[in-house]
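Okay, structure first, notes after.
The values are calculated or read from the model by the stated rules, or taken from the named source; none is laboratory data. For clarity, every value in this text was computed on a predicted model and none was experimentally measured. When we count neighbours, we look across all protein chains shown, and the Cβ atoms used for this are built from the backbone with ideal geometry, even at glycine.
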Amino acid sequence: MTIAPFRIAGIGCRPGTAQDLLAAALQAAGGAQALATIPERAPEVRPLASALDLPLHLVAVAGISTPTQSPRILARFGTGSVAEAAALAASRTRGGRLVQPRRAFGPVTIAIAEVP
C-alpha cells in the first residue's frame, strides 16, 4: 500500500486577488492539504484556507533560493518566487521538497512541495 505524500501549495498573488481566482488556481495546480504564503498575502489567502478547511502557514521567504527568479519579486521580497519559497519554507522542517515549480494562473502563482 502506497501512502500519498502530503502536498503544500505555496501561493503568491497580487493584493486584492478574488477568492474565485485563488480557488481555481489551486484546483488547476492539483490541490493540496495545506497552504503557505507570506504574511502580506494573508488577507487574500486566509479566506481560501478557511473555506477549504486547510491549514495556512504564514512564512518568511527572504533569502530562500528558488528554481525560478522574478527580478521584481526578488527586489521586493528577497526571493525569486514567493510561491516556491513559501512552499519550501512550510515543508522543509519535515523533509519536504519542491515537486512543482511556480505556475502562473492569471494574478496567482502556485508551487507545490511534498512531504513524504
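Summary table
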{"read-out": "Test: residue in the range 102-109 that is loosely packed, with under 14 Cβ neighbours inside 10 Å, under 13 Å from the mean Cα position of the chain (by Cα) and modelled with pLDDT of 95 or more", "value": "yes"}
{"read-out": "Only one of R72, R92, R41 that is free of Cβ contacts under 8 Å to residues at least 24 places away in the same chain, part of a helix (DSSP H, G or I) and in contact with a strand residue (DSSP E or B) (Cβ under 9 Å, 6 or more places away or on another chain)", "value": "R92"}
{"read-out": "Single match in L22, L48, L54, L35 (criterion: touching a residue at least 12 places away in the same chain (Cβ under 8 Å), assigned to a strand (DSSP E or B) and not small (G, A, S))", "value": "L35"}
